[in-house]
1. Scan region 1-35 for residues that are touching a residue at least 60 places away in the same chain (Cβ under 8 Å) and part of a strand (DSSP E or B) and jot them down.
2. Do you know which residues across region 58-86 are of a type in the set (Lys, Arg) and closer than 20 Å to residue 40 by Cα?
3. Just to be sure I understand, how many residues within region 41-66 are part of a helix (DSSP H, G or I) and surrounded by 16 or more Cβ atoms within 10 Å (Cβ to Cβ)?
4. Under 8 Å between Cβ atoms, which residue pairs at least 6 apart in sequence (or on different chains) link something in region 48-59 that is closer than 16 Å to residue 87 by Cα and aliphatic (A, V, I, L, M) with a partner that is at pLDDT 95 or above and outside any helix (DSSP H, G or I)?
5. Yes or no: residue 85 under 13 Å from residue 7 (Cα atoms), at pLDDT 95 or above and out of contact with any Lys or Arg (no Cβ under 7 Å at 6 or more places or on another chain)?
6. Looking only at residues that are within 11 Å of the chain's Cα centre (by Cα) and either without any contact (Cβ under 8 Å) to a residue 24 or more places away in the chain or part of a helix (DSSP H, G or I) (or both) in region 81-117, which one is surrounded by the most Cβ atoms within 10 Å (Cβ to Cβ)?
7. Condition check: under 14 Å from the mean Cα position of the chain (by Cα) and either in a loop (DSSP other than H, G, I, E, B) or aliphatic (A, V, I, L, M) (or both). Does residue 38 satisfy that?
Amino acid sequence: MNKITIFHNPRCGKSRETLKLIQEKVSDDDIEVVKYLEDVPSEEELKNILTMLGVKAGELVRKNEKIWKDNFKGKDFSEDGLIKVMVENPKLIERPIVIKDGKAVIGRPPEQVYSIL
């Protein structure tokens with residue numbers, strides 16, 4: 001079986017719930033947990049994730065975060081510019097993101113993950 005990767009924030013309830021749903025279906029050996037606030041994806045990795053999700057960078061930004069409201073809200077960004085902002089401020093990346101076999105989903109709600117398991 002191919003590994004399932006989850007971009008996870010252990011402090012986030014939705015992220016913990018999504019991880020639990022995956023663990024109920026798959027052995028821990030088949031799960032790669034990436035604590036993306038510590039192990040930040042590169043711009044290239046984030047572009048690949050966006051492609052797998054089939055969304056634009058703006059759809060992956062957590063716009064209710066204080067850091068967004070204080071520093072970026074109302075500004076105009078190119079796609080690459082937004083990706084750079086997310087890499088420099090990983091708190092702004094929507095979570096959790098689950099990847100398997102070249103497909104990705106955002107675990108909001110956590111049950112979304114079933115679509116790729």
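1. Within region 1-35, 4, 5, 6, 7, 8 meet the criteria.
2. 62, 63, 66, 84
3. Number of matching residues: 7.
4. 49/7; 49/41; 49/97; 49/99; 49/104; 50/56; 57/77
5. For residue 85, the condition - under 13 Å from residue 7 (Cα atoms), at pLDDT 95 or above and out of contact with any Lys or Arg (no Cβ under 7 Å at 6 or more places or on another chain) - is not met.
6. 86
7. So residue 38 passes the test.
The values are calculated or read from the model by the stated rules, or taken from the named source; none is laboratory data. Please read all numbers here as calculations on a predicted model, not as lab measurements. Ideal geometry is used to build each Cβ from the backbone, glycine not excepted, and the neighbour counts take in all protein chains shown.
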